[in-house]
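The values are calculated or read from the model by the stated rules, or taken from the named source; none is laboratory data. No experiment lies behind these values; they were computed from the predicted model shown. Quick reminder, even Gly has a Cβ in these numbers, built from the backbone with ideal geometry, and neighbours come from all protein chains shown.
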Amino acid sequence: MGLIVAIIVGAIAGWLAGQIVKGHGQGVLVNIVVGIVGALIASFLFPALGMGAGEGTNVIGSIIYATIGAVILLVLLRLINRAT
């Protein structure tokens, strides 16, 4: 059940990040991957900054943190693509 929730949260977070960072229209599978990677980025970044995501965050909180991480990922990818 946790895997299904992670995929749904990743898909929503990836889609939201794609809407925030314009010009990154991807398919559903890429949105899921971007959202899951964004969640991983957020899980390392926020505790390092002293803003823990919390162990018992709800689904909405997970989507918000994953979206922030996915936006960071997309911005970094955009910067790398511009540099090459």
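General observations
- Conditions (1) assigned to a helix (DSSP H, G or I); (2) small (Gly, Ala, Ser); (3) at pLDDT below 85; (4) surrounded by 15 or more Cβ atoms within 10 Å (Cβ to Cβ): number failed by Gly69: (3)
The rows are residues; the columns are (1) at pLDDT below 80; (2) of a type in the set (Val, Ile, Thr); (3) assigned to a helix (DSSP H, G or I).
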site	(1), (2), (3)
Ile4	no, yes, yes
Ile7	no, yes, yes
Gly10	no, no, yes
Leu16	no, no, yes
Gln19	no, no, yes
Gly23	yes, no, no
Val34	no, yes, yes
Ala42	no, no, yes
